[in-house]
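Bear in mind these aren't lab numbers, they're just calculated from the coordinates by the rules spelled out. What you see is a predicted model; the values in this text were computed from it and never measured. Here the Cβ is made from the backbone with ideal geometry for all residues, glycine too, and neighbour counts use every protein chain on show.
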């Protein structure tokens, strides 16, 4: 799913992920169709890029998304594997996992 | 850098011809800025003489990275609002992308993931610098943006060596810096610092890039190098892009001491770094 600047968006594309503001308020739901009005609304909110699906691409299912989260969690576990003997790194790992889970739970994206 | 490392870097860079250069406009801006009587209008006139750089500067200053509610339509306006140093840093950042955006030759290095990681480290370094009370935040963004520039030198000018490094990373599942040391005897940090020195960038930038894997060696620039070092770790913990390996470096004791951060602050720092990185991805436009 490409991350595109607003001026490269085309009608018919759909948002690949929900768009939230810095406070976590939902601005655009996942799967919304890209329209001129939507682009204008995002521009007014100073949002410059959008995660989109190409026209015709299928929407990832909730199970796919959960899988993506699990894949990322596995990538984190692997990255930190050799760092587990360090107290700071252990604390960072735990917070990074919590952060990732919150993101895939829809708090921030 | 030790004499031995300097010699090894020299032996490697002697094999490189036609290194990227930065545009002459940057040294002209520096010349103007050392004069305290220089006005915003003079610097703006100089920048505006290059339409490509002007449009990029305006694109960045109007993005959510700076978050101004009203549109900034001239370079003079940008300088008045953001200051000379910030605008100069934006010119430098966009020029760096221009100088380095051509594709690599090793064929196995994901440049887009690399730039995402670099922008992420720039954003995380900026967040850390702000939390630690630094004011020249753009310098930290650029240090993070450039911390791995040595990998681009290898990918572009030493493709066979770099291919061997990537193969070692894959076979041994180690950090890129470890594979470089055992394959080439020099690291991307050594080569990156050397290039920044050639570009006449500040000593603080050169030292923080050269020592981002070992801030204890950064001398007076310890805190700056520690910020980039931990910015790299944070960007990896947030899985932002990829620098080419799948491991995370262990925080150096010297860096952790110099930063003075408490691990209780991690949740807030991670959230702030994530948001700052997403805003900073505006710079990805300039590598495509």
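For region B:1-92, take N as its residue count and report Rg(C-alpha) divided by 2.2 N^0.38 Å.
1.43
Where a ≥ b ≥ c are the square roots of the eigenvalues of the C-alpha gyration tensor, would you call region B:171-288 rounded, which needs a/c under 1.5, or, failing that, prolate if a/b is larger than b/c, or oblate?
The shape class here is rounded.
Could you pull the Rg and Dmax for region B:93-225, using just the Cα atoms, both in Å?
14.5, 43
Counting other beta carbons within 10 Å of each residue's own, what order do B:261, B:233 fall into, fewest first?
Lowest count first: B:261, B:233.
Rounded to two decimals, what is the ratio between the C-alpha radius of gyration of region B:57-124 and 2.2 N^0.38 Å?
In units of the 2.2 N^0.38 Å rule of thumb, it is 1.34.
Normalising by the residue count of region B:1-115, find the relative contact order in percent from Cα pairs under 8 Å and 6+ residues apart.
Computed over region B:1-115, the figure is 27 percent.
On a 0 to 90 degree scale, rounded to 10, what angle separates helix B:137-146 from the longest Cα axis of chain B?
40 degrees
Bin all alpha-carbon pair distances of chain B at 5 Å intervals from 0 and give each bin's fraction as a whole percent.
In whole percents, the pair-distance histogram is 1, 6, 12, 17, 18, 18, 13, 9, 5, 2, 0, 0.
For chain B, what's the relative contact order in percent, using C-alpha pairs closer than 8 Å and at least 6 residues apart?
22 percent
How high is the relative contact order of region B:172-288, in percent, with contacts defined as C-alpha pairs under 8 Å that are six or more residues apart?
This gives 22 percent for region B:172-288.
Just checking the output field for A:33-46: average partner chain Cβ neighbours within 10 Å of each residue's Cβ?
1
In 10 Å bins starting at 0, how do the alpha-carbon pair distances of the protein assembly as shown split up by percent?
Using 10 Å bins, I get a P(r) of 5, 22, 32, 27, 13, 2, 0 for the protein assembly as shown.
Take the Cα atoms of region B:203-268, build their convex hull, and give its volume per residue in Å³.
Cα-based convex hull of region B:203-268, divided per residue, equals 92 Å³.
Taking 1 over the mean of 1/r across every pair of different Cα atoms in region B:1-160, what Kirkwood radius in Å do you get?
It works out to 17.5 Å.
Is there a simple number for the mean count of other chain Cβ atoms within 10 Å of the Cβ of residues in A:93-99, and what is it?
6
Jot down the per residue volume, in cubic angstrom and as a whole number, of the convex hull over the alpha-carbon atoms of region B:1-42.
Roughly 103 Å³ of hull volume per residue.
Which whole number gives the average count of other chain Cβ atoms within 10 Å of the Cβ atoms across peptide B:58-70?
The per-residue average across the peptide is 2.
For region B:52-96, what is the per residue volume of the convex hull drawn over the alpha-carbon atoms, in cubic angstrom?
Output value, Cα hull per residue: 60 Å³.
Given only helices, namely DSSP H runs of n ≥ 4 each adding -39500 (n - 2.57), what is the per-residue ellipticity at 222 nm of chain B, to the nearest 500 deg cm²/dmol?
So the calculated ellipticity at 222 nm is -20000 deg cm²/dmol.
Sort B:121, A:19, A:39 by Cβ crowding within 10 Å, fewest neighbours at the top.
With the sparsest Cβ surroundings first, the list reads A:39, A:19, B:121.
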